Amino acid sequence: MIFELTEEQKMMQQMVRSFAEEMVKPHAAEIDETDEFPMDIFREAGKLGLLAINMPEKYGGSGADSTAAVIASIEIAKASAAVANIFSSVRHHLFCMYHYGNEEQKQKFIPAMAKGEIIGSFALSESGSGSDASSIKTQAKLDGDEYVINGSKMWITMGNVADFTIVFAVTDPDKGSKGISAFIVEKGTPGFTVGKRERKLGQKGNPVCELMFENVRVPKSCMLGEEGQGIKIALHSLDSGRIEVAALAVGLMQAALEESVNYAENRKQFGQKISSFQLIQAMISEMATDLDAATLLTYRAAYLKDQGKKFTREASMAKWFATEAVMKHTTNAIQIHGGYGYCKDYNVERYFRDAKLTQIFEGTNQIQQIVISREVLKQWAK
Ligand SMILES: Cc1cc2nc3c(=O)[nH]c(=O)nc-3n(C[C@H](O)[C@H](O)[C@H](O)COP(=O)(O)OP(=O)(O)OC[C@H]3O[C@@H](n4cnc5c(N)ncnc54)[C@H](O)[C@@H]3O)c2cc1C
């Protein structure tokens with residue numbers, strides 16, 4: 001067992017770190033303040049191959065693996081969790097296209113997405129359907145050679161800047177979760193509109209919107225995967241996305257630790273550095289230990305994925321542990337900074353706000369616990 005990155009991985013980490021420090025970090029507070037999608041950074045990342053790290057070169061990707069994507073996500077999240085989340089979302093959409101698209105769809109969408117020339121979104125959730133994804137109400141009815149889609153979606157990341165969306169809709173109401181299919185719907189298709197943009201606590205600059213479908217007609221060829229495969233596509237891609245959410249939490253935790261240590265070493269009270277107080281040291285030691293544990297869980301999940309092994313349980317463990325830890329330790333990072341931490345002059349309040357989402361999306365942490373226990377019980381029942 002080797003607990004070290006390979007030379008190639010270290011080089012990649014260094015390259016992404018430089019990009020994050022030069023292109024992302026200086027703009028992170030401004031992106032948070034203005035809540036504007038960082039299109040310049042996005043396009044530049046596309047040119048450098050940072051969006052499609054783990055896509056084959058044949059489709060314009062960098063040909064690396066999921067571990068490389070995790071390494072990159074951690075580096076970007078240290079600079080801005082919102083930007084890291086934007087890049088991870090692209091990989092989520094690429095994953096769906098690559099695993100379930102036919103050759104024509106792959107050729108049409110993947111290279112352009114990889115270069116950052118077009119943007120996608122993933123539209124599963126609805127106002128009445130979040131954790132229980134099978135309860136979606138959006139319908140797609142076959143009419144001749146076309147499907148007619150009606151319904152609305154909520155919380156769709158990058159919905160307002162996307163050139164297309166992967167929308168999940170009921171094609172056979174009698175088949176329950178096996179009666180849901182996925183479709184690629186492009187911007188400009190009549191009846192497809194973007195609704196309200198949500199005003200969020202954190203992850204500013206990474207927009208989430210409502211999407212509306214009113215008699216949207218798409219040819220049969222717009223189906224992604226086979227009829228009835230929608231939930232399979234969603235769950236498979238969410239497994240993978242959970243590893244990236246864990247990586248995002250790890251990156252945020254690294255940033256929180258770094259800034260907490262720096263502050264504690266410089267701030268004096270009662271005539272001493274606050275880092276000399278054991279109660280401050282206790283917070284720092286717990287932060288550092290949880291960070292290491294979260295990092296190892298995240299790399300393990302990515303490793304299993306790269307080996308083509310089952311990683312559902314491990315992805316949920318990484319996501320659950322890392323995101324609970326990041327919430328706790330970004331809270332403590334503010335505590336270490338005292339009143340200054342509560343204000344925007346320091347980054348830790350942004351880390352705290354950005355951290356919260358990681359416990360909610362790509363399956364809430366309660367859902368991760370359900371997944372983990374289900375997998376563990378299955379294992380013991382054998
Ligand atoms: C910023 C943001 C971006 C998002 N991006 C996307 C996107 O791009 N595409 C997309 O499709 N969706 C997206 N989502 C939606 C996200 O996936 C859902 O918010 C999430 O799955 C939870 O669903 P919900 O909000 O409806 O909460 P609910 O499912 O209503 O859950 C409410 C509470 O009940 C708990 N709960 C639910 N079921 C159970 C259970 N069986 N046992 C125990 N507790 C349970 C939950 O853990 C939670 O605490 C995004 C959400 C946010 C906030």
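Legend: translational diffusion of the chain by Stokes-Einstein, Rh = Kirkwood radius over C-alpha pairs, 37 °C, 0.692 mPa s; D = 154 µm²/s.
Rounded if a/c is under 1.5, else prolate if a/b beats b/c, else oblate: with a ≥ b ≥ c from the C-alpha gyration tensor eigenvalues square-rooted, which is the stretch 231-381? Prolate.
Which one, Ile280, Gln307, Pro26, projects farthest toward the positive side of the charge dipole computed for the chain from Cβ point charges (K/R +1, D/E -1)? Positive-end residue among those listed: Ile280. Computed over protein heavy atoms with a 1.4 angstrom probe, the accessible surface ordering of Asp132, Asp32, largest first, is Asp132, Asp32.
Surface composition of the stretch 231-381: carbon and sulfur make up 59 percent of the accessible area, probe 1.4 Å.
Helix-only arithmetic for the chain: the sum of -39500 (n - 2.57) across DSSP H runs with n ≥ 4, divided by the residue total, places the mean residue ellipticity at 222 nm at -18000 deg cm²/dmol.
Annotation: extensible slack from Glu21 through Arg43 equals 6.3 nm (criterion: 0.36 nm per residue apart, minus Cα-Cα distance).
Take every Cα pair under 8 Å whose residues are at least 6 apart in sequence, average their separation, divide by the length of the stretch 228-382, and the relative contact order is 30 percent. Ordering Arg197, Arg17 by accessible surface, largest first, gives Arg197, Arg17; the 1.4 Å probe counts only protein heavy atoms, with every chain in place. Ligands, DNA and RNA left out, the accessible area of the stretch 7-114 computed with a 1.4 Å probe is 49% carbon and sulfur.
If a spin label sat at a point 7 angstrom from the Cα of Met11 along the line to its beta carbon, the backbone N atoms of the stretch 38-64 nearer than 18 Å would be those of 48-50, 53-55, 57, 61-64. A Cβ-based charge dipole, computed about the Cα centre of the stretch 74-128 with Lys and Arg at +1 and Asp and Glu at -1, lands at about 140 debye.
Let a ≥ b ≥ c be the square roots of the eigenvalues of the Cα gyration tensor of the stretch 124-227; is it rounded (a/c under 1.5), or, if not, prolate (a/b larger than b/c) or oblate? Verdict is oblate for the stretch 124-227.
In terms of packing, defined here as the mean over residues of other Cβ atoms within 10 angstrom, the peptides 46-52, 85-91, 24-30 line up highest first as 85-91, 46-52, 24-30. Given their separation in residues at 0.36 nm each and the Cα-Cα distance between them, Phe277 and Glu198 gain 24.2 nm when the chain is fully extended.
Our note on the geometry: Cα centres of the stretch 112-136 and the stretch 1-59, 22 Å apart. For the pair Ala381 and Lys309, the difference between a 0.36 nm per residue extended length and the Cα-Cα distance amounts to 23.9 nm. Three principal axis extents describe the C-alpha atoms of the stretch 7-114; from largest down they are 41, 35, 18 Å. Per residue, the solvent-accessible area of the chain (1.4 Å probe, heavy atoms of protein chains only, all protein chains present) comes to 46 Å². Rounded to 0.05, the FRET efficiency of the Ser285 and Asp345 pair, given R0 = 30 Å and the Cβ-Cβ distance, is 0.70. The dipole here belongs to the stretch 120-228: it is taken about the Cα centre, uses +1 on the Cβ of Lys and Arg and -1 on the Cβ of Asp and Glu, and is about 520 debye. Annotation for the stretch 318-356: trypsin sites (Lys or Arg not before Pro) lying in DSSP loop with at most 12 further Cβ atoms inside 10 Å of their Cβ are Lys344. Taken about its Cα centre, the chain carries a charge dipole of about 680 debye when Lys and Arg each add +1 at the Cβ and Asp and Glu each add -1 at the Cβ. Using R0 = 56 Å, the C-beta based FRET efficiency linking Gln369 and Gln269 works out to 0.90.
The values are calculated or read from the model by the stated rules, or taken from the named source; none is laboratory data. Here the structure is a predicted model, which is why all the values come from computation and not from measurement. As a convention, Cβ positions derive from the backbone with ideal geometry for all residues, glycine included, and neighbour counts pool all protein chains shown. Side chains are part of the model used for accessible areas, which takes the heavy atoms of the whole protein and leaves out ligands, DNA and RNA. Shrake-Rupley method; radii C 1.70, N 1.55, O 1.52, S 1.80 Å.
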